[in-house]
Amino acid sequence: MNDFNIYLYDGSFYNLLNTIEILIKEKIKPNNIINEKYYINDLLSNVYKKTLKTDTLFAQKLKSISLRFYQIIYDVYLSNDQNKELIIYYFILNGLKYGAKIVYLRKLKCVNKALNISHYVHNEVHKLKGFVRFQKLETNFYLAYINPTNNVLEYLAKYFKKRLATESWMIYDIKRNLLSIYTNNKYIIIEVADLEKNKFKFSDDEKIFANLWQTFYKTIAIKQRTNKRCQMNFMPKKYWSYMIEMSDKIAKDNF
């Protein structure tokens, strides 16, 4: 057994699973598993990279245990939890032991943490489905910016593929420099340079509708019945930056 070892993976989901598969087979309990992009050299630790594989064989095995079990693993991977890799490791380790009933064993610390994180991720997805704001460009593409806590772009892309199936659109996650592009009933997600530095030209119609929407939002507000705490419960402040109706002036007037 190793005393204090850190294991690196390339940041991808399947490479993480392949790394965990080898650790379990070799009966290694890691002190940490870290995305190599974020690893800071630690001279006191032994650092290893166990695999370069990114195949899906182990993923299929996990999926065969139960789809819910596999979904929770993926949700934790998409989260911003600092210990997510270790949580996934122990969740998988126990899943291989207990099978499909693992998702009900909340007394296990790794299960409780995994379920809570999964709920947190989907809760953010649910909120963003209502808070994402698309604006029409001169190119007839629609563009929306998001800045989510978790890496939920894929879930949003799947949702808007159905919701805006006849349009062409882009959603840009500014925190991770990830861009989802949808057209002709297909979407892709790619890494890009900082799009905020680019100046997109909005269509004339978009400018008119944005102004109308802001005017409507301001007009229906009743200052005498303002409840800031209640308003921010339904519309958390962290989502305001890219909501058309929440320009600085309107936010100041109504909040």
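Quick rundown of the values:
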| item | result |
| --- | --- |
| Boolean, Ile73 is under 19 Å from Tyr7 (Cβ atoms) and in contact with a Gly (Cβ under 9 Å, 6 or more places away or on another chain) | yes |
| Conditions (1) among the basic types (Lys, Arg); (2) assigned to a loop (DSSP other than H, G, I, E, B); (3) touching a residue at least 12 places away in the same chain (Cβ under 8 Å): number failed by Lys129 | (2) |
| Matching residues in the range 134-144 - criterion: being surrounded by fewer than 18 Cβ atoms within 10 Å (Cβ to Cβ), in contact with a Phe, Trp or Tyr (Cβ under 8 Å, 6 or more places away or on another chain) and not in a strand (DSSP E or B) | Glu138 |
| Residues satisfying the stated conditions in the range 85-114, i.e. basic (Lys, Arg) and surrounded by 14 or more Cβ atoms within 10 Å (Cβ to Cβ) | Lys113 |
| Residue list for the range 155-198, restricted to those being within 16 Å of the chain's Cα centre (by Cα) and charged (D, E, K, R) | Lys158, Asp173, Lys175, Arg176, Glu191 |
| Residue within the range 175-186 that is closer than 18 Å to Lys237 by Cα and either out of contact with any Lys or Arg (no Cβ under 8 Å at 6 or more places or on another chain) or of a type in the set (Gly, Ala, Ser) (or both) present | yes |
| Restricting the range 145-167 to residues that are hydroxyl-bearing (Ser, Thr, Tyr) and not in a strand (DSSP E or B), the residue that is farthest from Trp240 (Cα to Cα) | Thr166 |
| Yes/no for Leu78 being in the same structural domain as Lys37 (by TED's automatic domain parsing), in contact with a helix residue (DSSP H, G or I) (Cβ under 9 Å, 6 or more places away or on another chain) and buried (at least 17 other Cβ atoms within 10 Å of the Cβ) | yes |
| Condition check for Tyr90: of a type in the set (Phe, Trp, Tyr) and at pLDDT 95 or above | yes |
| Check on Lys50, out of contact with any Lys or Arg (no Cβ under 7 Å at 6 or more places or on another chain), loosely packed, with under 15 Cβ neighbours inside 10 Å and either hydroxyl-bearing (Ser, Thr, Tyr) or not assigned by TED's automatic domain parsing to the domain that holds Pro148 (or both) | no |
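The values are calculated or read from the model by the stated rules, or taken from the named source; none is laboratory data. The structure presented is a predicted model; accordingly, all values stated were derived computationally and were not measured. Counting neighbours? That spans all protein chains shown, and the Cβs are built from the backbone with ideal geometry, glycine included.
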